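Participant: Before anything else, here's the structure in question.
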Amino acid sequence: MTDMLEKILSVLPENHPWRNTIAWLDTVDSTNNRAKLLASQGAPEGTVLIADRQTMGRGRLGRSFQSPAGAGVYLSLILRPNCPPEKLMHLTCAVAVAMCDAVEQAAGFRPGIKWTNDLVHQGRKLCGILTELSIDPATGLAASAVLGIGVNCCQEGFPPELSGIATSLSIETGREIRRADVAAAMIQALYAMNQHLMNRDSMMTRYRQDCVTIGREVSLVGADQTVRHAKALDVDDEGALVVAFPDGTSAHVTSGEVSVRGMYGYL
Ligand code: BTN
């Protein structure tokens, strides 16, 4: 067993149901790619892959996710929801709240959520989430969900192009952060989230409390790069952002349709 896996298991409770399905990888293209492959081969719910480094870490909207060795926790979890995908519209929001719980547990402060699912602190991004569902064509049910999460832990600084928008747990706390503690807190928070996943109302109530986008003036950037200014009013129970436009109209926009930029920067 690798040193890192031993450390993670030493922090997890002895009887944690996912203890035996956690794997540590030194290098992988993307933990989400590997998890999707394992899910297609029948890997059980609770399979967790954590990598020291990713060579092709992926973010939302086709972006890449920088994943240098020793710096972050790059983790993917396989769930087996076996329910209609419409029942999982709030899944990414639930993961974001769980990751706020994990950061609070491991680093002692609670980050905010920039809609839909970036964890932020002091205006900079700490964590990104990429959720990928696989639908069984025979039943139309969600046969697997791969939840991919990258948390910046130990970076002491970022390259100039990222320094204004990215931060890490070490930078924010001013102390050394052990990735094993963060990974164990993430696994526990994800397990608890999965236990309550179908309780959508309470999950979304918690999401709204953590979401720092609500109440802000934002720019909505469409897939065709068109930009519309709006005020973010709320997040609905399916995770869509409720916005009001200057002409008095309002809309519910989804993360598939638009991304959000603050009027004066990343937030
Ligand atoms: C985003 O910020 O747009 C989402 C980033 C998600 C990154 C994580 S790291 C672990 C998992 N493997 C990947 O390739 N991506 C996710």
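Participant: Consider A43 against the criteria (1) within 11 Å of the ligand (Cβ to nearest atom); (2) in a loop (DSSP other than H, G, I, E, B): it satisfies all of them except one. Which criterion is unmet?
Facilitator: The number of the failed condition is (1).
Participant: Of everything in the range 143-189, what is charged (D, E, K, R) and more than 16 Å from L119 (Cα to Cα)? Give them in sequence order. Outline the logic, then answer.
Facilitator: Step one: filter the range 143-189 for residues charged (D, E, K, R), giving 156, 161, 172, 175-176, 178-179, 181.
Those that are charged (D, E, K, R) and more than 16 Å from L119 (Cα to Cα): E156, E161, R175, E176, R178, R179, D181.
Participant: Considering the range 56-87 alone, what residues qualify as being in a loop (DSSP other than H, G, I, E, B), among the charged types (D, E, K, R) and in contact with a strand residue (DSSP E or B) (Cβ under 8 Å, 6 or more places away or on another chain)? Full working, then the answer.
Facilitator: Step one: list which residues in the range 56-87 are in a loop (DSSP other than H, G, I, E, B), which gives 56-57, 59, 63, 65-71, 80-84.
Cutting the leftovers down to among the charged types (D, E, K, R) gives us 63, 80.
Across the range 56-87, the qualifying residue is only R80.
Participant: Now for a different question. Answer yes or no: is there a residue in the range 21-37 that is part of a loop (DSSP other than H, G, I, E, B), within 13 Å of the ligand (Cβ to nearest atom), modelled with pLDDT under 95 and in contact with a Lys or Arg (Cβ under 8 Å, 6 or more places away or on another chain).
Facilitator: Let us first name the residues in the range 21-37 that are part of a loop (DSSP other than H, G, I, E, B), namely 29-30.
With the extra rule that they be within 13 Å of the ligand (Cβ to nearest atom), the set shrinks to 29-30.
When the remaining residues are screened for being modelled with pLDDT under 95, the result is none.
For the range 21-37, residues part of a loop (DSSP other than H, G, I, E, B), within 13 Å of the ligand (Cβ to nearest atom), modelled with pLDDT under 95 and in contact with a Lys or Arg (Cβ under 8 Å, 6 or more places away or on another chain): absent.
Participant: Scan the range 75-87 for residues that are touching a Lys or Arg at 6+ places or on another chain (Cβ under 9 Å) and within 14 Å of the ligand (Cβ to nearest atom) and jot them down. Steps first, answer last, please.
Facilitator: Residues of the range 75-87 touching a Lys or Arg at 6+ places or on another chain (Cβ under 9 Å): 76, 78, 81, 87.
Those that are touching a Lys or Arg at 6+ places or on another chain (Cβ under 9 Å) and within 14 Å of the ligand (Cβ to nearest atom): S76, I78.
Participant: Can you tell me which of T167, T139, T116, T131 is hydroxyl-bearing (S, T, Y) and at pLDDT below 95?
Facilitator: On the way: T167 fails: at pLDDT below 95; T139 fails: at pLDDT below 95; T131 fails: at pLDDT below 95.
Exactly one residue qualifies, and that residue is T116.
Participant: Quick one: which residue in A244, A230, A192 is surrounded by fewer than 15 Cβ atoms within 10 Å (Cβ to Cβ) and over 16 Å from the mean Cα position of the chain (by Cα)? Lay out the reasoning, then the answer.
Facilitator: On the way: A230 fails: surrounded by fewer than 15 Cβ atoms within 10 Å (Cβ to Cβ); A192 fails: over 16 Å from the mean Cα position of the chain (by Cα).
Only one candidate qualifies: A244.
Participant: Quick one: in the range 88-120, which of the residues that are in contact (Cβ under 8 Å) with a residue 12 or more places away in the chain and loosely packed, with under 15 Cβ neighbours inside 10 Å is farthest from the ligand (Cβ to nearest atom)?
Facilitator: Selected residue: G108.
Participant: Among what's in the range 52-74 and is aliphatic (A, V, I, L, M) and touching a Lys or Arg at 6+ places or on another chain (Cβ under 8 Å), pick the residue that is nearest to the ligand (Cβ to nearest atom). I'd like the intermediate steps shown before the answer.
Facilitator: Pass one, the range 52-74, residues aliphatic (A, V, I, L, M): 56, 61, 69, 71, 73.
Then keep just the ones that are touching a Lys or Arg at 6+ places or on another chain (Cβ under 8 Å); that gives 69, 73.
Details: A69: 13, V73: 8 Å.
So, considering only residues that are aliphatic (A, V, I, L, M) and touching a Lys or Arg at 6+ places or on another chain (Cβ under 8 Å), the one nearest to the ligand (Cβ to nearest atom) is V73.
Participant: Mind telling me which of the residues T167, T173 ends up being under 22 Å from L130 (Cβ atoms) and touching a residue at least 40 places away in the same chain (Cβ under 8 Å)? Let's see the steps before the verdict.
Facilitator: On the way: T173 fails: under 22 Å from L130 (Cβ atoms).
Just one listed residue meets the conditions, T167.
Participant: Still on this structure, I have one more. Would a scan of the range 145-166 turn up a residue that is within 25 Å of P84 (Cα to Cα), surrounded by fewer than 18 Cβ atoms within 10 Å (Cβ to Cβ) and of a type outside the set (F, W, Y)? Break it down stepwise before answering.
Facilitator: Narrowing the range 145-166 to residues within 25 Å of P84 (Cα to Cα): 145-149.
Then drop every residue that is not surrounded by fewer than 18 Cβ atoms within 10 Å (Cβ to Cβ), which leaves none.
No: zero hits.
Participant: In addition: For the range 121-130: of the residues being of a type outside the set (D, E, K, R) and surrounded by 20 or more Cβ atoms within 10 Å (Cβ to Cβ), which is farthest from I214 (Cα to Cα)?
Facilitator: Restricting attention to the range 121-130, the residues satisfying the condition of being of a type outside the set (D, E, K, R) are 121-123, 126-130.
Retained after the next criterion (residues that are surrounded by 20 or more Cβ atoms within 10 Å (Cβ to Cβ)): 121, 126-130.
Numbers: H121: 15, L126: 19, C127: 19, G128: 19, I129: 19, L130: 21 Å.
Looking at residues that are of a type outside the set (D, E, K, R) and surrounded by 20 or more Cβ atoms within 10 Å (Cβ to Cβ), I get L130.
Participant: Being assigned to a loop (DSSP other than H, G, I, E, B) and at pLDDT 90 or above is true for just one of D224, D247. Which residue is that? Before the answer, list the steps.
Facilitator: Working: D224 fails: at pLDDT 90 or above.
Unique residue meeting the criteria: D247.
Participant: Inspect the range 88-95 for any residue being among the small types (G, A, S) and in contact with a Leu (Cβ under 7 Å, 6 or more places away or on another chain) and give the result as yes or no. Walk me through how you get there before you give the answer.
Facilitator: Step one: list which residues in the range 88-95 are among the small types (G, A, S), which gives 94.
From what is left, the residues that are in contact with a Leu (Cβ under 7 Å, 6 or more places away or on another chain) are 94.
Yes, the range 88-95 contains a residue that is among the small types (G, A, S) and in contact with a Leu (Cβ under 7 Å, 6 or more places away or on another chain).
The values are calculated or read from the model by the stated rules, or taken from the named source; none is laboratory data. Just so we're clear, the structure is a prediction, and the values are computed from it rather than from any experiment. Using ideal geometry, Cβ is built from the backbone for each residue, glycine included, and neighbour counts are taken over all protein chains shown.
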